[in-house]
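Each reported figure results from applying straightforward, stated rules to the coordinates on display, with no laboratory input. It should be emphasised that the depicted structure is a prediction, and the values quoted were computed from it without experimental measurement. Quick reminder, even Gly has a Cβ in these numbers, built from the backbone with ideal geometry, and neighbours come from all protein chains shown.
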Amino acid sequence: MKRRGFTLIELLVVISIIGLLSTVSLVLLNNARMKARDARRKADLIVIRKALELNFDKNSAFTQPENICTDSSGGCGGCGCAVTNYPNGADWDANSDLRDLITDGFLKSLPKDPLNNPTYNYTYEVWSAGENGYTSAGQGYTLCATLEIGGSYCLSIRS
């Protein structure tokens, strides 16, 4: 009598191949997600940059006065704060210099990093008076995001 079916070794080989293929696909999917979040980070910074340029055209400064020393999409506090777990929030601080962009109607809301945690967040630093040779505040800024694929994406603009 001839038996039909698979042997134990054949089943183990098939299960191993399926496991290997699922592992490879999960790794590729995770890389695609990282790249997509990085693309969103770059697009968000470009949106903020455009709003800052409109603000500069209206007010002759990107933002001013500087209300906060460590301005991040993860929050923080005012200048002179001693924050040990910076950033320490889930959104831009209420005193963020970028809140001017909402007040003036250039943005509906401030974009946040897709992960928005202590490692991945957006940072904004408007140049103060005397910084980089400018006599008045708000004549330049640095806007950055940390990328998951490595490195940072920064926009530094000066008028």
- Message: Which lysines, if any, have their Cα less than 26 Å from the Cα of Lys50, not counting same-chain residues under 8 positions apart?
- Response: Lys35, Lys42, Lys58, Lys108, Lys112
- Cβ-defined net charge surrounding Asn31, 12 Å radius [Lys, Arg +1; Asp, Glu -1]: +1
